[in-house]
Amino acid sequence: MSMHRLLARQIRQATDEAGQVDLTRLGELVSAAYEESDRDRRRTDRAIKLMIEELEQTHKRAEQDLLRAREFLDSIIENIPIAVFAKDARDSRYILLNRAGEEYYGMPREEMLGKTPEQIFSREVARVVSEQDRRVVDSGTPMVLEGHSLEIGVKGHDRLVNSRKLLVRDGSGAPQYLVGVIEDVTERITNEARISHLAHHDALTDLPNRSAFNAALDERLERAQEGSTSFAVLSLDLDRFKEVNDVFGHPVGDMLMRAAAERIAAEADDAFVARIGGDEFMILMPEDARREDVLTLAERLVEVIGKELEIDDYLSQVGVSVGIAVYPDDGVDAATLLANADSALYRAKREGRGRVCFFESKMDQELRDRRLLQHDLRQALEQNQLLVYFQPQARMDGEVIGFEALLRWNHPTRGFVPPDQFIPLAEETGLIIEIGEWVLREACREAASWPRPLQVAVNLSPVQFQAGDLERAIHQILLETGLSPTRLEVEITEGVLIGDFTRALTLLRRLKALGIRIAMDDFGTGYSSLSYLQSFPFDKIKIDRSFISNLEAKPQSAEIVRAVLSLAHALNIPVVAEGVETEAQRAFLAHEACEEMQGYLVGRPELIERYLDLVGVAVERRLYA
C-alpha cells in the first residue's frame, strides 16, 4: 500500500461526523502504522540475516568437504606404493610428485617440482623423457611401457619398471597436464624368472631337470628326423651314493651330489646334462657325435666320478655307471630311447658298477624278463609258490643246535628262482614286508612243532625295519604259533642300522627285551660293523662265507677270521662261521675257538622233512646231517 493511500485512510478514520479531523487520533494512527512497519522491517532483517548465516554455513561446509576430499586424494596419491607425477603439458615442468616418486627418483620433491627434465636429469635421460612427453602431448595417445629398464636416480639403476603417461586437457580442449605412474616390477619379474628357472632346473644342483631334459630330447628328435642325423643319450646312476648318504647324513650327501654334478657338467662340456631325480643323471650328446667320442666321454665320467671327494672334512668315494642308447639304431622315439638307455644302465650296474654299456637288443629282453619276474612275484605268495627251507647250524663238534629258515621260490615255469634275483625285487616293490612276515610265521609255526627245543633263525630285511610295525608283527606271530621268544633268532645285516639308526636300535632293544636273540649277519663286509658292535649287545656274529671259502687259498682271509674271532671273544659274543664246506675249514675254525658253524659240511638247505630226525621226530641227536 502506497504512503498516500495509507495517509488518506488514516485521515478518514480520524474525521468525526461533523467533518472535523481529530489531530490526536490521526497522530495515534500514524504512530501505530509506523510501529507496525518497523516490526515488519525487523522481521525481514532477521530473516535475511538467518538466510545469510545459512548460506555462509553451507558454503563453509562445502569448503570443508572439498578440503577433506582434496586431503583424502592427496593422502591416497601420497601413500600409493607406486610413483605418481604430474607435469605442465607446455614445458614438462614437474608440478606434483608423491612419496614413492621421491623414493624411486632418489631425490626429494623440492629438487624436482617446478623444474624441467633438463634441469634434473642427465642430458641423455632428459632427452628421452622430453621426447616421450612431446609424443604424448602431440598425439594425445597414452604411452604404456612394460618391463623396460630405466636408469634414473638411486633406485632407478638396473631396475625394471612399468610406466604409463597420459594427457589431461582443460575445458577448451587444450593440453594442460601430463599425468604418469611408474611401477617398479624388478622383484616381481625377478621372481617370475626364478620360478620359471626352478620349474626347469633341479633345486640342489641347478642342472636342468627331467622336464627340461624331456623338452630338449623332443626338440633334438624333431631336428634329427628332419636332418637324418644321429645322437646319443646317456643314462647315469651314481654307485654307492645311498650308502654314503645313509652313513654320513643328508647334508653331506647333498654336498656330494652337488660336487658330482659339477664334475659331470664340466666333463660333458657342450652336451646337455640334466639331473632327473635321486642319484640319476641324463646326458644328451650333440648331433652326429661319433660313437668313439661318446664312449670316451662315458669312460672319462667313470674315471672322474670315481675319484675320492673331500666333502666337509669327509673323504667320500662314489662311482658312476653309464648306459648308452643311440638314435635311430636303438629307438626312434623318446620313450624307446630312454627305456633302452636304462636297460644298458641296468646291465652296467649288474656287471659290477663303474662300467659303461651300449644298448644291445638282448638287454631289452632281459629288462622285460625282470619286469615279468616282478609281476610273477606278486602272485607267488597267494599261489603257494614260496617255500621255506631249513639249513642246520651246529657246534664245532657237529651237534646240531638249530636251523636257519631260508626262502625259496619254485616258479611254475622257471623252476627255482635264485634268491639273489627275487629278494632284491621284493625289497624294491615293498613285497618283502608281506613275504617276510609269511616266512617268519611259517618258520615259527614249524619250530613250535619240533619235539626238540632247537633255535630257529630268520633273516629280516632293512625294508621291514623301515616300514610297518615289525615289533607288533613278530609278537603277534609268536602268540599265534606258541613259539617261545627265546627260541627265535633274527638275523640282520648292517643295512638295518644304516639310515634311521636310533629308530632301528630302539626296535632291536625292544625285540631283545622280549627274549628274542639278535645276530649280526655278513659281519665284516660293510662300513661300520665294529661301531655297531659297540652300540648294541648282539647275541651272535656270523662271519660271511666269502672269508671262509678263501681260508685255504688266501692267507689274508685266515687273518681276518682270526681277528674277528679274537674281537668277538673279547666282547664275549659267540661266532657262527657261514659257508663251511670242508673238514679243513672246520678244523681251522675249531682250532681258533669258533663256537658254531653252518654250511654244506653240516647240511644243505632242504625242506624240514629231510631233517625230521634232527628236530626229534626220529633221532634225538646227530653229529652231521
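The values are calculated or read from the model by the stated rules, or taken from the named source; none is laboratory data. Not measured: the values here are computed from a predicted model. With ideal geometry, Cβ positions are generated from the backbone for all residues, glycine too; neighbour counts draw on all protein chains shown. Accessible surface areas use protein heavy atoms only, side chains included; no ligands, DNA or RNA. Shrake-Rupley method; radii C 1.70, N 1.55, O 1.52, S 1.80 Å.
Taking the Cα centre as origin and putting +1 on Lys and Arg beta-carbons and -1 on Asp and Glu beta-carbons, what dipole magnitude results for the chain, to the nearest 20 debye?
Details: 76 positive and 107 negative charges, 320 e Å.
That gives a dipole near 1540 debye.
How would the range 20-139 be classified by its alpha-carbon gyration tensor: rounded, prolate or oblate, with rounded meaning a/c under 1.5 and the a/b versus b/c comparison settling the rest?
In terms of gyration-tensor shape, prolate.
Rounded, prolate or oblate: which one fits the chain, using the alpha carbon gyration tensor with axes a ≥ b ≥ c (rounded when a/c is under 1.5, else prolate when a/b beats b/c, else oblate)?
Since a/c reaches 1.5 and a/b is larger than b/c, the shape of the chain is classed as prolate.
Using only helices, what value at 222 nm comes out for the chain when you add -39,500 (n - 2.57) per DSSP H run of length 4 or more and divide by the total residues, to the nearest 500 deg cm²/dmol? Show your work: numbers first, answer last.
Working: 22 runs with 310 residues, N = 625.
For the chain, the value works out to -16000 deg cm²/dmol.
Over the chain, what is the mean sequence separation of C-alpha contacts under 8 Å (at least six apart), divided by residue count, expressed as relative contact order in percent?
Once normalised by length, the contact order is 7 percent.
Calculate the dipole size of the range 562-602 relative to its Cα centre from +1 charges on Lys and Arg beta carbons and -1 charges on Asp and Glu beta carbons; express the result in debye to the nearest 20.
Dipole size: approximately 120 debye.
Using R₀ = 45 Å, calculate the FRET efficiency as 1/(1 + (r/R₀)^6) where r is the Cβ-Cβ separation of residue 438 and residue 397; round to 0.05.
FRET efficiency, residue 438 to residue 397: 0.85.
Assuming 0.36 nm per residue, please report the length gained on full extension of the stretch residue 64 to residue 20 beyond their Cα-Cα distance.
Going from the current span to full extension adds 9.1 nm.
Considering only protein heavy atoms, with the full assembly of protein chains and a 1.4 angstrom probe, order 233, 463 by accessible area, largest first.
Order by accessible area, largest first: 463, 233.
Output the direction-averaged projected area (hull surface divided by four) of the convex hull of the alpha-carbon atoms of the range 184-271, in nm².
Dividing the Cα hull surface by four gives the mean projection, 8.3 nm².
Against the 2.2 N^0.38 Å scaling, with N counting residues, where does the range 394-538 land? I'd like the Cα-based Rg ratio to two decimal places.
Compared with the compact-globule rule of thumb, the range 394-538 sits at 1.07.
Taking the 0 to 90 degree range and rounding to the nearest ten, how far is the long axis of helix 361-380 tilted relative to the main principal axis of the chain, both from C-alpha atoms?
Relative to the chain, helix 361-380 is tipped by roughly 90 degrees.
For residue 200 and residue 607 in the same chain, what is the full-extension length gain: residue separation times 0.36 nm, less their Cα-Cα distance, in nm?
Fully extending the segment from residue 200 to residue 607 adds 140.9 nm.
Can you bin the range 218-269 into rounded, prolate or oblate? Criterion: square roots of the alpha carbon gyration tensor eigenvalues sorted a ≥ b ≥ c, rounded for a/c under 1.5, prolate for a/b above b/c, oblate for the rest.
Here the range 218-269 falls in the prolate category.
Past 19 Å, Cα to Cα: identify those pairs from 512/540; 87/165; 349/542, in the order given.
349/542
Need one value: the accessible area of residue 569 in square angstrom, 1.4 angstrom probe, rounded to the nearest 10.
70 Å²
Using r as the Cβ-Cβ distance of residue 370 and residue 188, and R0 as 60 Å, what FRET efficiency do you calculate, to the nearest 0.05?
The value I calculate is 0.75.
Quickly work out the residue 505-to-residue 254 label distance, labels modelled 7 Å from Cα along the C-beta direction, and quote it in nm with one decimal.
2.4 nm
Could you check the spin-label model distance between residue 210 and residue 76? Points 7 Å from the Cα along Cα→Cβ, value in nm.
5.1 nm
Using Cα atoms only, what is the angle between the long axis of helix 210-227 and the major principal axis of the chain, expressed in degrees (0 to 90) to the nearest 10?
80 degrees
In whole Å and largest first, what semi-axes does the C-alpha gyration tensor of the range 462-512 yield when each eigenvalue is scaled by 5 and square-rooted?
Those come to 21, 11, 9 Å.
Say the dipole of the chain comes from +1 at the beta carbon of Lys and Arg and -1 at that of Asp and Glu; which of 200, 591, 436 then lies farthest toward its positive end?
200
With every protein chain left in place and a probe of 1.4 Å, what is the accessible surface of residue 438, to the nearest 10 Å²?
The accessible area comes out at roughly 60 Å².
Could you tell me how many degrees, from 0 to 90 and to the nearest 10, lie between the Cα long axis of helix 419-429 and the main elongation axis, the longest principal axis, of the Cα atoms of the chain?
Once rounded, one gets 20 degrees.
Taking R0 as 41 Å, what FRET efficiency do you get between residue 479 and residue 582 from their Cβ-Cβ distance, rounded to the nearest 0.05? Working shown, then result.
On the way: r = 42 Å, r/R0 = 1.03.
Taking R0 as 41 Å, the efficiency between residue 479 and residue 582 is 0.45.
Which value in nm describes the separation of the simple spin-label points at residue 54 and residue 563, placed 7 Å from the Cα toward the beta carbon?
Computed distance between label sites residue 54 and residue 563 equals 11.4 nm.
Along the charge dipole of the chain, Cβ charges K/R +1 and D/E -1, which of 475, 105, 601 sits furthest on the positive end?
105
Given 141, 484, 359, which one lies farthest toward the positive end of the charge dipole of the chain, if we put +1 on the Cβ of every Lys and Arg and -1 on the Cβ of every Asp and Glu?
After comparing all options, I get 141.
Charges at C-beta only: +1 for Lys and Arg, -1 for Asp and Glu. How large is the resulting dipole of the range 134-274 about its Cα centre, in Debye rounded to 20?
Dipole about the Cα centre, nearest 20: 820 debye.
Can you work out ³J(HN,Hα) from phi for every residue in the range 267-282, in order, using Karplus 6.51 cos²θ - 1.76 cosθ + 1.60 and θ = phi - 60°, giving whole Hz and x for Gly and Pro?
6, 6, 6, 8, 7, 8, 10, 9, 9, 9, x, x, 10, 10, 10, 10
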